[in-house]
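A.B. asks: This is the structure, below, for whatever I ask next.
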Amino acid sequence: MGQGRLASVLASLVVGVAGTAARTTPLPQPGTPRQVASLVAASSRIERLPRNLVPPLPALPADNAATYYPGTWHGCSSVTQCVYGDRASATTVLLLGDSHAAMWLPALAWVGHHLTLRVVLLWYPGCPAADVEVWDPTTRSANIGCTAFRASALKAIARVAPALVLTTNRTANVLGADDRSIPNAVWQQGLEATLATLLADKLRVAVIGDVTMLSSDAPVCLAAYPRAVQRCSSPNPNPAKRTHRADEVAAAKAEGVPYLDPQPWLCTRTCSPVVGRYAVMNDAQHVSATYAAYLSVEWEDVLKPLLPAT
């Protein structure tokens, strides 16, 4: 895409977002597992952008959890700050991680209401649940806030003693404290350390796998190629992105906890930015709030067997 065309697309999206920010598109009703599977199977054949795209393309960049749950925008550092689902429930499900944890809130909040669960979100920007040091691109130094958040979060989780703890985070192109790629073994050991801490507190734990990072920003690309949607898709897995997904599978296996893989709900061998009439990603790496909500029943079916019997 030429620089002039890219600038024009970006400008049009910025105007669109400004015009639609106050008109949040209602989250959709969840699809059934059969409906999700059917739409995903056909997604790589979508070439024209649906006229009834949900959310509309101008609103897509802002279609994230924070738009629907404003208190989550800059992170959730306290177990009382970001509480959803059935807040009066005695059964708590806690979600720990970075923005890739926050992006699933539209689904888990729905599950919380449906199964009478109190859903607590603990997340810090750019901070994986895995016990690894990461780079802060703003300060150009090690992200000491992340390290402090993780330690504090684990202590808080032990006090709350939730019925289930879900860990998840971005795994693609994450830089370590030295501004270099984190070795695979270090990532695996870091996640094992976090899981071991949670298990030592006698908690039920599961790892939510990461999603495939696209090669380009979905809203910008779709605006540029509305009649060639698959130019905005990526292989699954994406060879252009270094990822720690396999390390997280290995860590979950080593600690004996379930690994929950959402990839079949998004991708075949190809990850299309559009599934059915739904925009899947609001940028290159985050599931849109709309599509997360559409997957609520899938999440309910996966999480229900992990909860203690009532």
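Every number here is computed from the coordinates shown, using simple stated rules; none is lab data. Because the structure is predicted, anything quoted here is derived from the model rather than measured. Positions of Cβ are backbone-derived with ideal geometry, glycine not excepted, and every protein chain shown enters the neighbour counts.
A.B. asks: Taking into account only those residues within the range 45-85 that are assigned to a strand (DSSP E or B) and not small (Gly, Ala, Ser), which is nearest to Arg227 (Cα to Cα)?
C.D. replies: For the range 45-85, the residue satisfying everything is Val54.
A.B. asks: Right, something else. How many residues are more than 20 Å from Thr32 (Cα to Cα) and either part of a loop (DSSP other than H, G, I, E, B) or not basic (Lys, Arg) (or both) when one looks only at the range 239-270?
C.D. replies: Within the range 239-270, the first condition is being more than 20 Å from Thr32 (Cα to Cα), and the residues that meet it are 239-259, 269-270.
Of the ones still in play, those that are also either part of a loop (DSSP other than H, G, I, E, B) or not basic (Lys, Arg) (or both) are 239-244, 246-252, 254-259, 269-270.
Residues flagged as more than 20 Å from Thr32 (Cα to Cα) and either part of a loop (DSSP other than H, G, I, E, B) or not basic (Lys, Arg) (or both) within the range 239-270 amount to 21.
A.B. asks: Would the range 161-175 turn up any residue that is assigned to a loop (DSSP other than H, G, I, E, B), crowded, with 22+ Cβ neighbours inside 10 Å and among the polar types (S, T, N, Q)?
C.D. replies: yes
A.B. asks: Next question, about the same structure. Here are some residues: Ala101, Ala88. Which one is of a type outside the set (Asp, Glu) and either in a helix (DSSP H, G or I) or crowded, with 16+ Cβ neighbours inside 10 Å (or both)? Steps first, please.
C.D. replies: Details: Ala88 fails: either in a helix (DSSP H, G or I) or crowded, with 16+ Cβ neighbours inside 10 Å (or both).
Ala101 is the lone residue from the list that is of a type outside the set (Asp, Glu) and either in a helix (DSSP H, G or I) or crowded, with 16+ Cβ neighbours inside 10 Å (or both).
A.B. asks: State all residues of the range 177-216 that are under 18 Å from Cys146 (Cβ atoms), assigned to a helix (DSSP H, G or I) and in contact with a His (Cβ under 7 Å, 6 or more places away or on another chain); if no residue qualifies, say none.
C.D. replies: Of everything in the range 177-216, just one residue is under 18 Å from Cys146 (Cβ atoms), assigned to a helix (DSSP H, G or I) and in contact with a His (Cβ under 7 Å, 6 or more places away or on another chain), namely Trp187.
A.B. asks: Would you check if Val54 is among the aliphatic types (A, V, I, L, M) and in contact with an Asp or Glu (Cβ under 8 Å, 6 or more places away or on another chain)?
C.D. replies: So Val54 does not fit the description; no.
A.B. asks: Among the residues of the range 193-205, are any among the small types (Gly, Ala, Ser) and closer than 21 Å to Gln263 by Cα?
C.D. replies: Scanning the range 193-205, I find no residue that is among the small types (Gly, Ala, Ser) and closer than 21 Å to Gln263 by Cα, so the answer is no.
A.B. asks: Which pairs do you get when a residue that is closer than 17 Å to Ala251 by Cα, found in the range 127-141, comes within reach of a residue that is part of a loop (DSSP other than H, G, I, E, B) and acidic (Asp, Glu), reach meaning Cβ atoms under 7 angstrom, with the pair 6+ apart or on two chains?
C.D. replies: Pairs that qualify, where the first residue is closer than 17 Å to Ala251 by Cα and the partner is part of a loop (DSSP other than H, G, I, E, B) and acidic (Asp, Glu), are Pro128/Asp98.
A.B. asks: Filtering the range 255-283 down to residues that are in contact with a strand residue (DSSP E or B) (Cβ under 9 Å, 6 or more places away or on another chain) and among the aliphatic types (A, V, I, L, M), which residue is surrounded by the fewest Cβ atoms within 10 Å (Cβ to Cβ)?
C.D. replies: Among residues in the range 255-283 that are in contact with a strand residue (DSSP E or B) (Cβ under 9 Å, 6 or more places away or on another chain) and among the aliphatic types (A, V, I, L, M), the one surrounded by the fewest Cβ atoms within 10 Å (Cβ to Cβ) is Leu260.
A.B. asks: Which one of these does Asp178 not meet: (1) over 23 Å from His286 (Cα atoms); (2) free of Cβ contacts under 8 Å to residues at least 24 places away in the same chain?
C.D. replies: Among (1) over 23 Å from His286 (Cα atoms); (2) free of Cβ contacts under 8 Å to residues at least 24 places away in the same chain, Asp178 violates only (2).
A.B. asks: Continuing with this model, one more query. In this structure, is Thr197 closer than 23 Å to Leu108 by Cβ, surrounded by 22 or more Cβ atoms within 10 Å (Cβ to Cβ) and polar (S, T, N, Q)?
C.D. replies: For Thr197, the condition - closer than 23 Å to Leu108 by Cβ, surrounded by 22 or more Cβ atoms within 10 Å (Cβ to Cβ) and polar (S, T, N, Q) - is not met.
A.B. asks: While we're looking at this one, here's another question. Mind listing just one residue for me: the one in the range 121-156 that is among the polar types (S, T, N, Q) and in a helix (DSSP H, G or I) and, of those, farthest from Arg87 (Cα to Cα)?
C.D. replies: Thr147
A.B. asks: May I ask you to say which residue of Arg269, Arg231, Arg242, Arg227 is within 30 Å of Ala193 (Cα to Cα) and not hydrophobic (A, V, I, L, M, F, W, C)?
C.D. replies: Step by step, each of Arg269, Arg231, Arg242, Arg227 is checked, and only Arg242 is within 30 Å of Ala193 (Cα to Cα) and not hydrophobic (A, V, I, L, M, F, W, C).
A.B. asks: Sticking with this one: Hey, does the range 96-112 have a residue that's within 18 Å of Tyr291 (Cα to Cα) and of a type in the set (Ser, Thr, Tyr)? Give the derivation first.
C.D. replies: Filtering the range 96-112 for residues within 18 Å of Tyr291 (Cα to Cα) gives 99-112.
Then drop every residue that is not of a type in the set (Ser, Thr, Tyr), which leaves 99.
Yes, that holds for at least one residue.
For every residue, the table says whether it meets (1) buried (at least 22 other Cβ atoms within 10 Å of the Cβ); (2) over 27 Å from Val120 (Cβ atoms); (3) among the acidic types (Asp, Glu).
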| position | (1), (2), (3) |
| --- | --- |
| Asp179 | no, yes, yes |
| Val186 | no, yes, no |
| Leu191 | yes, no, no |
| Ile208 | yes, no, no |
| Arg227 | no, yes, no |
| Cys232 | yes, yes, no |
| Lys241 | no, yes, no |
| Val249 | no, no, no |
